[in-house]
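The values are calculated or read from the model by the stated rules, or taken from the named source; none is laboratory data. Keep in mind the model is a prediction, meaning the values are calculated, not measured. Every residue, glycine among them, receives a Cβ derived from its backbone with ideal geometry; neighbour counts consider all protein chains shown. Calculation scope for accessible area: heavy atoms of the full protein, side chains included, ligands and nucleic acids excluded. Shrake-Rupley method; radii C 1.70, N 1.55, O 1.52, S 1.80 Å.
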Amino acid sequence: MSATLHHQSPTRKAVEVTVPAAEVSATFNEVVAKIAPKVRIPGFRPGKAPRPVLMQRYAREIQSDVAQQLVEKHFWKAAQEAGALPISHPSLEKLDLKEGADAVFRAQFDVAPEVTLPDYKAMALTKKKRAIDEATVAEHLEGLRQRATKLLPVEDSAVAQGLVVTCDIRVKPQGLKAQSYQDQVLEIDGTRPFDAQILGMKIDEKKAFNLTHPEDEANKVLAGKTLAYEVQVKDIRRKEVPVLGDDFAKDMGAFENLEALKAAVKKDLEEASERDAIARLHATMLDTLLEAAPFEVPRSMVALQLDDYCQEFAQHVSRQGMDPKKVNWQAYRQYRQNDAERAVRSGYLLQAIGNTESIEVPEADIDAEIRTFMAENQVQQPFEAFKAELERRGNTTEIKGRLRTDRIFTHLLSTAKVTEEQLDKAAFEALVELERKREAGLPVNRFDAGGLEGGDLEGQEGGEPAAVAPAEHVHGPDCDHDHEHGHEEDAAPAKKPAAKKAKAEPEVEEKPKKATKKDESAADKPKKAAAKKDEPAEEKPKAKKPAAKK
């Protein structure tokens, strides 16, 4: 066997292998001997068909099996002998195969990139942190109070302003098919036309009425059309919001009084603010390093990352009650292409830094992480058996990679010069909005699209005035008539999930379960939130990036 290596790109190689004729003929004989007893040919007993007959009738299958055996036997060894270490399966691009002659095949494959590290020590960074003042604490306490609202039954009452009504609605827009909506919950606002029509109705009462949308209705589908409604009231309740006092504090947990609750809320908000600032700092470091160290990434690794994104999005779509088969997966993969490339680059870059700094994760740290997970999730299985199951599924490797990423970021921060900047609410919200615009590709200054941030020219697209198409209305959650008509939107990504920075305003979060699957990323660190009873943390979509692994 002889092999020649061809360089197609820094991460894409090809190896051309020549296999001696004697081995080729022997492989043909093995394949023919294996299929002979399995096939039935008219006029011959099983296993007794002449070799020429088998070669003629099953030429394609035999050729394919022989090629597969030769590639599997020689590819990996040939690539390594030629000086390359494949990280992907071979893709056959050339095959000259004939019994009794030398066989030649050429297979493409990916290799890991060579990462030239930039100067990652003594980086100058600004840690932008949300300041937690009394107004922030008061705002959060009010949120807790509103979430503790109870809906109490109202006996022998009619629909009135401010009450919460559950009803079944059948609506038929003019020229469209009728649709029915069960158990719709509305907080009555008599200024809305629909709500005004059901004022005074009682439980089990039915009513039919028409509403006509104005000609200038934002939703062009319904503009100027009449909608016929049939409504049945099923339940009427009133809202009871608790008073913000000592009793409320005791109901929220083991707090002696309101001051104790305030202190706990402030502590939780400060911890959340610190986590948010650290996550943003990590993302800034990673952005800086990636910009200073450009390198190509293997396309097979990008494809695997896209597979992970698709799997996560399919699970998200299923949880929303939609069919993942309705998603345009080709469009979604294209949509997440840049995220995937950045994720793979991040993993290789952090891996290179970890290797350079000899950063390792002791087995004891992995065991401690598993024990913490078991305690938080009340896993009753013995530790050794549970760990063995995680190892079988590959989860311990992912835990190790995540912990190693933590250590790499800790090391980078220890060598960086960090200046902390406290942001009030307005400044913090402006920062979050700026990050949102940048990630969404929206203009943020005059050099992006000829317009100033927040100015009249921010949304300009260029071209002569006559060539600029008018903006179409997009029906979204801000429409004030969602109870008058409804439809299930197609299961397609509506906006780009956040991939780089933690952008939510700090809030009291329920302590998340530490997942053992590959859901922790290099730029999106796990956030340990202080637990508060009956207050789940908001789920935020994140682009997953590979943890640094050695």
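Checking the structure you have, find out if any residue of the stretch 398-405 is open to solvent by 40 Å² or more (accessible area, probe 1.4 Å), out of contact with any Ser or Thr (no Cβ under 8 Å at 6 or more places or on another chain), closer than 20 Å to Tyr120 by Cβ and in a helix (DSSP H, G or I). Spell out the reasoning first.
As a first pass, look at the stretch 398-405 and keep what is open to solvent by 40 Å² or more (accessible area, probe 1.4 Å): 398, 400.
Then drop every residue that is not out of contact with any Ser or Thr (no Cβ under 8 Å at 6 or more places or on another chain), which leaves 400.
So of that shortlist, the ones also closer than 20 Å to Tyr120 by Cβ come out as none.
Taking every residue of the stretch 398-405 in turn, none turns out to be open to solvent by 40 Å² or more (accessible area, probe 1.4 Å), out of contact with any Ser or Thr (no Cβ under 8 Å at 6 or more places or on another chain), closer than 20 Å to Tyr120 by Cβ and in a helix (DSSP H, G or I).
From the set of residues in the stretch 99-124 that are under 30 Å from Asp424 (Cα atoms) and surrounded by fewer than 18 Cβ atoms within 10 Å (Cβ to Cβ), which is farthest from the chain's Cα centre (by Cα)?
Per the stated criteria, the residue is Ala122.
Of the numbered conditions (1) within 42 Å of the chain's Cα centre (by Cα); (2) open to solvent by 70 Å² or more (accessible area, probe 1.4 Å); (3) within 20 Å of Leu97 (Cα to Cα), Asp65 satisfies every one except a single condition; which is it?
(2)
Just name the residue that is nearest to Val164 (Cα to Cα) out of those in the stretch 216-254 that are open to solvent by 30 Å² or more (accessible area, probe 1.4 Å) and touching a Phe, Trp or Tyr at 6+ places or on another chain (Cβ under 9 Å).
Filtering first and then ranking leaves Pro242.
Could you give every pair whose Cβ atoms fall below 7 Å, whose first residue belongs to the stretch 329-350 and is within 16 Å of Glu312 (Cα to Cα), and whose second residue is open to solvent by 10 Å² or more (accessible area, probe 1.4 Å) and among the aromatic types (Phe, Trp, Tyr), counting only separations of at least 6 or pairs across chains?
Tyr332/Phe313
Only one residue in Ala264, Ala260 is among the aliphatic types (A, V, I, L, M), more than 21 Å from Ser157 (Cβ to Cβ) and touching a Phe, Trp or Tyr at 6+ places or on another chain (Cβ under 7 Å), so which one is that?
Details: Ala260 fails: touching a Phe, Trp or Tyr at 6+ places or on another chain (Cβ under 7 Å).
Unique residue meeting the criteria: Ala264.
When His213 is evaluated against the numbered criteria (1) exposed (fewer than 14 other Cβ atoms within 10 Å of the Cβ); (2) touching a strand residue (DSSP E or B) at 6+ places or on another chain (Cβ under 8 Å), which criterion, by number, is the only one it fails?
(1)
Give all pairs with beta carbons closer than 7 Å in which a residue from the stretch 250-265 that is free of Cβ contacts under 8 Å to residues at least 24 places away in the same chain meets a residue that is loosely packed, with under 14 Cβ neighbours inside 10 Å; count only pairs at least 6 apart in sequence or on separate chains.
What qualifies is Leu258/Gly245.
Go through the stretch 234-249 and give me each residue that's assigned to a loop (DSSP other than H, G, I, E, B) and either among the small types (Gly, Ala, Ser) or modelled with pLDDT under 90 (or both).
Across the stretch 234-249, the qualifying residue is only Gly245.
Taking the stretch 401-434 on its own, how many of its residues are over 21 Å from the mean Cα position of the chain (by Cα) and more than 20 Å from Arg130 (Cα to Cα)?
Matching residues across the stretch 401-434 total 10.
Specify the residue that is farthest from Gln161 (Cα to Cα); the eligible residues are those in the stretch 172-202 that are in a strand (DSSP E or B) and open to solvent by less than 80 Å² (accessible area, probe 1.4 Å).
Pro173
Quick one: is Val71 in contact with a Ser or Thr (Cβ under 7 Å, 6 or more places away or on another chain) and surrounded by 14 or more Cβ atoms within 10 Å (Cβ to Cβ)?
Numbers: in contact with a Ser or Thr (Cβ under 7 Å, 6 or more places away or on another chain): no; surrounded by 14 or more Cβ atoms within 10 Å (Cβ to Cβ): yes.
Criteria not met by Val71.
Out of everything in the stretch 203-215 that is assigned to a strand (DSSP E or B) and either touching an Asp or Glu at 6+ places or on another chain (Cβ under 8 Å) or aliphatic (A, V, I, L, M) (or both), what residue ends up being farthest from Val164 (Cα to Cα)?
Going through the qualifying residues, I end up with Leu211.
Tell me, which helices (runs of 4 or more DSSP H) wholly within the stretch 274-385 include 3 or more residues that are more than 21 Å from the chain's Cα centre (by Cα), surrounded by 13 or more Cβ atoms within 10 Å (Cβ to Cβ) and charged (D, E, K, R)?
Qualifying helices (runs of 4 or more DSSP H): 363-376.
Within the stretch 383-428, can you find the residues that are among the hydrophobic types (A, V, I, L, M, F, W, C) and more than 17 Å from Thr284 (Cβ to Cβ)?
If we filter the stretch 383-428 for residues that are among the hydrophobic types (A, V, I, L, M, F, W, C), which is where we start, we get 383, 385-386, 388, 390, 399, 403, 408-409, 412-413, 416, 418, 423, 426-428.
Across the stretch 383-428, the qualifying residues are Phe383, Ala385, Phe386, Ala388, Leu390, Ile399, Leu403, Ala426.
Scan Gln56, Gln69 and give me the residue that is farther than 30 Å from Arg275 by Cα and in contact (Cβ under 8 Å) with a residue 24 or more places away in the chain.
Gln69
Residues checked against (1) within 30 Å of Ser358 (Cβ to Cβ); (2) at pLDDT below 75; (3) exposed (fewer than 12 other Cβ atoms within 10 Å of the Cβ):
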| residue | (1), (2), (3) |
| --- | --- |
| Lys387 | yes, no, no |
| Arg407 | yes, no, no |
| His411 | yes, no, no |
| Glu429 | no, no, no |
| Val432 | no, no, no |
| Glu435 | no, no, no |
| Glu453 | no, yes, no |
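Could you please tell me which pairs satisfy a Cβ distance under 7 Å, a separation of 6+ or placement on different chains, a first residue in the stretch 90-109 that is farther than 14 Å from Lys13 by Cβ, and a second residue that is among the hydroxyl-bearing types (Ser, Thr, Tyr)?
Between residues of the stretch 90-109 that are farther than 14 Å from Lys13 by Cβ and residues that are among the hydroxyl-bearing types (Ser, Thr, Tyr), the close pairs are Glu99/Ser25; Gly100/Ser25; Asp102/Thr18; Val104/Thr18.
Can you find even one residue in the stretch 36-44 that is in a strand (DSSP E or B) and more than 17 Å from Leu70 (Cα to Cα)?
No, every residue in the stretch 36-44 fails to be in a strand (DSSP E or B) and more than 17 Å from Leu70 (Cα to Cα).
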